[in-house]
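What follows is one structure encoded as structure tokens, with my remarks underneath.
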Amino acid sequence: GGGVGAAMADGDGLVSVDYEVYGKVQGVFFRKYTQGEAKRLGLVGWVQNTSHGTVQGQIQGPTARVRELQEWLKKIGSPQSRISRAEFSNEKKIEALEHKEFQIVK
């Protein structure tokens, strides 16, 4: 991380984005690590396994932090995971967060 000028913009920089991560991402604690990383960044949303072997969910929070988690989902993930790709969709600006926390959906 470099120096962040306006880390907390006056509440106007919130975004919501959906994601789906492909690769070896189930059975490797991917959801737990995603939740931990999201909480560290102060983001809210959710994560769940899909029936077709991917992990999907939604992220909401300040744009810069959301970008950080997007990079993490594309490149890092949990220690045992092997990410082939991450896709993001439905990105939109929001006025307020629609989730209270970042949760793992069963």
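The values are calculated or read from the model by the stated rules, or taken from the named source; none is laboratory data. These numbers come from a predicted model, not from an experiment. Cβ: placed from backbone, ideal geometry, glycine included. Neighbour counts: every protein chain shown. All accessible areas refer to the heavy atoms of the entire protein, side chains included, with ligands and DNA or RNA removed. Shrake-Rupley method; radii C 1.70, N 1.55, O 1.52, S 1.80 Å.
For the range 27-73, which residues satisfy the criterion of being free of Cβ contacts under 8 Å to residues at least 40 places away in the same chain and open to solvent by 70 Å² or more (accessible area, probe 1.4 Å)?
Answer for the range 27-73, where residues must be free of Cβ contacts under 8 Å to residues at least 40 places away in the same chain and open to solvent by 70 Å² or more (accessible area, probe 1.4 Å): Gly27, Arg40, Ser51, His52, Arg65, Arg67, Glu68, Glu71.
Hey, can you tell me all the residues within the range 68-85 that are under 9 Å from the mean Cα position of the chain (by Cα) and hydrophobic (A, V, I, L, M, F, W, C)?
Hits for the range 68-85 are Leu69, Trp72, Leu73.
How about the range 47-79: which of its residues are in contact with a strand residue (DSSP E or B) (Cβ under 7 Å, 6 or more places away or on another chain), part of a helix (DSSP H, G or I) and not basic (Lys, Arg)?
Thr63, Val66, Leu69, Gln70, Leu73
Can you find even one residue in the range 80-98 that is β-branched (Val, Ile, Thr), open to solvent by less than 40 Å² (accessible area, probe 1.4 Å), in contact with a Phe, Trp or Tyr (Cβ under 8 Å, 6 or more places away or on another chain) and in a loop (DSSP other than H, G, I, E, B)?
No: zero hits.
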